[in-house]
Amino acid sequence: MRKIYCLALFFYFISNSYSQEIKTIDQSQLPDSLGKDSTIYKVNNSDSYLYTRPKFLSYFKNSAKNFLSLPLEADKKKNLPGMAAIVGLTAISLCYDERIILAAQKFGKYSGLLDDDPDVNVSPIKNVPLLLPGSFNAALFYIGDGTTELAVDASFYIVGLIKSDNRALRTSCELSEGILTVGIYVQILKHITCRETPMRRSVPGGKWRFLSSFEEYGSSVPTHDAFPSGHLATAMMTVTVISMNYPEYKFIKPLGYTLMGICGYQMLDYGVHWMSDYPLAIGMGYALARNIVNRGRTKVISNSKNTAHLQHSIKPEFNIQPVYLGFGTTGLSLSLTF
């Protein structure tokens, strides 16, 4: 009964994060000049979004808001399909976990993908490890472990600073918030469910040691931290945040989902996760990302042909025209419009 209660509680809690709706504002309500801290980006022919420059370290405050506000924003009818999909896929996967693991590892051994030692210590300092993947196949395992996401996060931040790009800065802030929030969510779930990983399983499908003590958990982490997958939760959050903020780049989702699929297989191959560890992780990453992005931008509703505010949406134009400068002097004026 305790197992069912814990899982039901968190399935319900995660499903509530779908309820955050995007804010909207009529273009006529905007001031004549937005200033450098606000920019409107037109992402396609019909949609424009207002992005404001995030405050320093605001993602800490926003991460706290996720835990305080998400359970209060539930729209049960709207969330039922997603909830049912997560529960259904998890239940089906639980029935076939052992078979899937054996099949994945058999294929990995046959194809030469299985690598018993994926890490290489390149640290020049003794007793201070700096682990890097030892092969391309091993590198796929690192998708979602946080290192890749932090590198992507830093890239958006640097570009945002150099180009004064509020959308890039906001994306960086949202990725930081997502990494922090997903990490806390995942650790809470892992410490509650305490499921054995495939490599340490004592029974087929892995044993669940619900609410084990911190000492027991810390003494043997691989026998407690399978459910859910933090890698896929973090990866899904990252792909969703970037694709929502940059919908004009159609390759983001296919590329991101492909890498996630390969990473998911590698973790089955290495025996660090079961297939049933994935549905909740993917749903959690997706839901949190949508909530974060919808809170961080405002959709601009335009009821006229006025596009004066739509920065970064119109190609710059150069205009040259004659001007009279006074005292019988004439010249040429060069103007640049966006």
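The values are calculated or read from the model by the stated rules, or taken from the named source; none is laboratory data. None of the values given here were measured: they were computed from a predicted structure. So basically every Cβ, Gly included, is an ideal-geometry build from the backbone, and we count neighbours across all protein chains shown.
Quick one: how many residues across the stretch 193-204 are in contact with a helix residue (DSSP H, G or I) (Cβ under 6 Å, 6 or more places away or on another chain), surrounded by 19 or more Cβ atoms within 10 Å (Cβ to Cβ) and in contact (Cβ under 8 Å) with a residue 40 or more places away in the chain?
So the count comes out to 2.
Please indicate, with yes or no, whether at least one residue in the stretch 63-85 is at pLDDT 80 or above and acidic (Asp, Glu).
The answer is no, given that none of the residues of the stretch 63-85 is at pLDDT 80 or above and acidic (Asp, Glu).
Quick one: GLN311 ticks every box in (1) buried (at least 19 other Cβ atoms within 10 Å of the Cβ); (2) closer than 19 Å to SER46 by Cβ; (3) modelled with pLDDT under 85 except a single one, so which number is it?
Condition (1) is where GLN311 drops out.
Quick one: which residue in PHE327, PHE338 is within 20 Å of ILE40 (Cα to Cα), of a type in the set (Phe, Trp, Tyr) and at pLDDT below 85?
Exactly one of PHE327, PHE338 is within 20 Å of ILE40 (Cα to Cα), of a type in the set (Phe, Trp, Tyr) and at pLDDT below 85, namely PHE338.
Taking ALA103 and the conditions (1) crowded, with 16+ Cβ neighbours inside 10 Å; (2) hydrophobic (A, V, I, L, M, F, W, C); (3) at pLDDT 85 or above, which numbered condition does it fall short on, given that it satisfies the others?
Condition (1) is where ALA103 drops out.
If we scan the stretch 185-192, do we find a residue that is closer than 30 Å to THR298 by Cα, free of Cβ contacts under 8 Å to residues at least 60 places away in the same chain and in a helix (DSSP H, G or I)?
No, the conditions are met nowhere in the stretch 185-192.
Go through the stretch 261-282 and report how many residues are of a type outside the set (A, V, I, L, M), closer than 8 Å to PRO228 by Cα and in contact with a Pro (Cβ under 6 Å, 6 or more places away or on another chain).
Result for the stretch 261-282: 1.
I'm checking my understanding of the structure. Among residues of the stretch 286-308 that are modelled with pLDDT of 70 or more and among the hydrophobic types (A, V, I, L, M, F, W, C), which one is nearest to ASN166 (Cα to Cα)?
VAL293
How many residues are at pLDDT below 70 and closer than 21 Å to MET244 by Cα when one looks only at the stretch 28-59?
The qualifying residues number 0.
Tell me yes or no: at least one residue of the stretch 242-252 is of a type outside the set (Ser, Thr, Tyr) and over 30 Å from ASP47 (Cα atoms).
no
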